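Down below is the structure, laid out as structure tokens.
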Amino acid sequence: MSVFYTGVMKIFEKFNILFEFPKCLKNFFCQEEPGYLFRKTERLKINLNVNSVLEIKPFDLNLKYIVAKLGDNYLLSKMDYDKSKNKFSFKQLGRMKGSKTLVYPDEDYYPNMDVYESFYVAKLEANELRKGTGRKLIHLAKCESRRLNCEGRVHLDAVNQDNPPFYFYRRMGFDSQDKHKIEIIDKLLEKNKPFPEQYKKWCIPMYFPTSKTGTRI
């Protein structure tokens with residue numbers, strides 16, 4: 001959580017995030033002197049009488065979710081306001097690691113395309129499963145794809161032997177050129193069966209069809 005609380009805010013309209021740092025905080029995290037960040041943060045917290053950098057006012061009291069971008073990492077948290085104490089609290093829900101990448105024809109993501117740019121999701125983590133966090137992070141990936149001029153393209157490698165993500169990505173609308181495996185996944189999903197042990201080691205390149213975002217390729 002300490003990384004999140006010292007993060008630079010990134011604003012995403014789709015999450016109804018309206019808060020912006022005051023002008024006095026511009027370039028706040030650009031110093032590289034050892035220990036500078038910690039001293040600056042502690043001094044700032046004392047001066048503004050807050051427990052964390054993210055408590056800096058004013059906040060819009062209707063905010064529900066907030067995202068901090070640290071390099072290629074996107075940290076999603078839920079924000080609550082305690083009116084009786086006039087304090088904000090934050091609960092980290094999950095994180096996504098992703099970036100804009102250049103994809104070549106020999107990479108098995110989007111079919112029938114030459115060299116193109118797409119937002120690559122390298123990692124997706126939810127602190128609690130089946131709480132809607134993964135769906136929000138995928139939505140964030142699509143927003144970032146459009147913001148970074150990737151025309152809504154999102155691609156990833158679906159793999160996790162302990163908790164296979166194939167059902168989740170199919171529900172999210174992802175497809176793959178490996179039609180044989182997709183057919184197996186869809187049949188199992190339709191029957192609502194646990195994912196078989198012999199398939200858990202699969203690593204499937206997947207892509208989000210841009211037709212579903214209203215963007216042509």
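Taken over region 155-169, the residue count meeting the criterion of being buried (at least 19 other Cβ atoms within 10 Å of the Cβ) and part of a helix (DSSP H, G or I) is 3. Within region 119-141, the set of residues being in contact with a Phe, Trp or Tyr (Cβ under 7 Å, 6 or more places away or on another chain) and more than 15 Å from residue 171 (Cα to Cα) comprises 140, 141. Residues that are over 15 Å from residue 162 (Cβ atoms), more than 26 Å from the chain's Cα centre (by Cα) and surrounded by 10 or more Cβ atoms within 10 Å (Cβ to Cβ) within region 185-203 comprise 187, 188, 193, listed in sequence order. Contact map, region 57-80: first residue outside any strand (DSSP E or B), second residue hydrophobic (A, V, I, L, M, F, W, C) and modelled with pLDDT of 75 or more, Cβ cut-off under 7 Å, separation 6 or more or different chains; pairs are 63/79; 64/79.
Of the residues that make up region 58-74, is at least one surrounded by 15 or more Cβ atoms within 10 Å (Cβ to Cβ), at pLDDT 85 or above and of a type outside the set (A, V, I, L, M, F, W, C)? Yes, the conditions are met somewhere in region 58-74.
Looking across region 170-189, just one residue is in a loop (DSSP other than H, G, I, E, B), hydrophobic (A, V, I, L, M, F, W, C) and in contact with a helix residue (DSSP H, G or I) (Cβ under 8 Å, 6 or more places away or on another chain), and that is 172. Out of 152, 94, 132, one residue alone is surrounded by fewer than 16 Cβ atoms within 10 Å (Cβ to Cβ), under 16 Å from the mean Cα position of the chain (by Cα) and either more than 23 Å from residue 186 (Cα to Cα) or small (Gly, Ala, Ser) (or both). It is 132. Part of a loop (DSSP other than H, G, I, E, B), more than 24 Å from residue 75 (Cα to Cα) and of a type outside the set (Asp, Glu): is that true of residue 193 in this structure? Spelling it out, residue 193 is indeed part of a loop (DSSP other than H, G, I, E, B), more than 24 Å from residue 75 (Cα to Cα) and of a type outside the set (Asp, Glu). How about region 75-108: which of its residues are modelled with pLDDT of 90 or more and over 30 Å from residue 177 (Cα atoms)? 93 - this is the single residue of region 75-108 that is modelled with pLDDT of 90 or more and over 30 Å from residue 177 (Cα atoms).
The values are calculated or read from the model by the stated rules, or taken from the named source; none is laboratory data. These numbers were taken from a predicted model, which means no experiment stands behind them. Neighbour counts run over all protein chains shown; Cβ positions are idealised from the backbone, glycine included.
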